[in-house]
Structures are given as C-alpha cells and as structure tokens.
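S.K.: Below is a structure I'd like to ask you about.
Read-outs throughout are calculated quantities, based only on the coordinates presented, and are distinct from any laboratory measurement. Nothing here was measured: the structure is a model prediction, and the numbers come from that model. Note: ideal-geometry Cβ built from the backbone for every residue, glycine included; neighbour counts use all protein chains shown.
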Amino acid sequence: MWAFMREAQTKTLSLPNTGQAIGMDLGHAGNIHPQRKQEIGRRLRARGPRSHLWSKEDYR
C-alpha cells in the first residue's frame, strides 16, 4: 500500500506550485499521519522561498 501512496503523491509533482516532503521516518509503519508535523513543515520550508505559495496579503 505504501508504495502505491508514494507513487501517487510523486505524480502530483508535475502540477504547478507543488512540493513534497518525505516523512516516512517520522511516524509509525501503520499510520500515514506523522506525529511530528512541525518537522514536515520545516522540510517543506527548506525547499526555499520559491515554494512559498501565499503571501501575508492572502491572510488579510
């Protein structure tokens, strides 16, 4: 099942303004939702400012 999920998620990278952060090392084998979500956020942010999709104006 996990191989199918990884393949499906990787295919979405062909869409504009998308990114991927691997978090398989942060959770448990039977749970797709990692406990350490802040680490996932840190990994996404490490992709750089070009991966930032929204500006502060979007939240006003």
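S.K.: Using θ = phi - 60° and the Karplus relation 6.51 cos²θ - 1.76 cosθ + 1.60, list the HN-Hα couplings for the stretch 31-37 in order, rounded to whole Hz, with x at every Gly or Pro.
M.R.: 10, 6, 9, x, 6, 8, 5
S.K.: Read phi for every residue in the stretch 9-26 and hand back ³J(HN,Hα) as whole Hz from Karplus 6.51 cos²θ - 1.76 cosθ + 1.60, θ = phi - 60°, with x for Gly and Pro.
M.R.: Listing the rounded values in order: 5, 5, 4, 5, 5, 6, 7, x, 6, 10, x, 9, 10, 7, x, 4, 7, 9 Hz.
S.K.: Ranked highest first by the average count of other Cβ atoms within 10 Å around their residues, in what order do 22-33, 7-18 fall?
M.R.: The packing order, highest mean first, is 22-33, 7-18.
S.K.: Under a plain spin-label model, where a point goes 7 Å from the Cα along Cα-to-Cβ, how far apart in nm are Arg6 and Ile40?
M.R.: Here the answer is 1.7 nm between the modelled labels.
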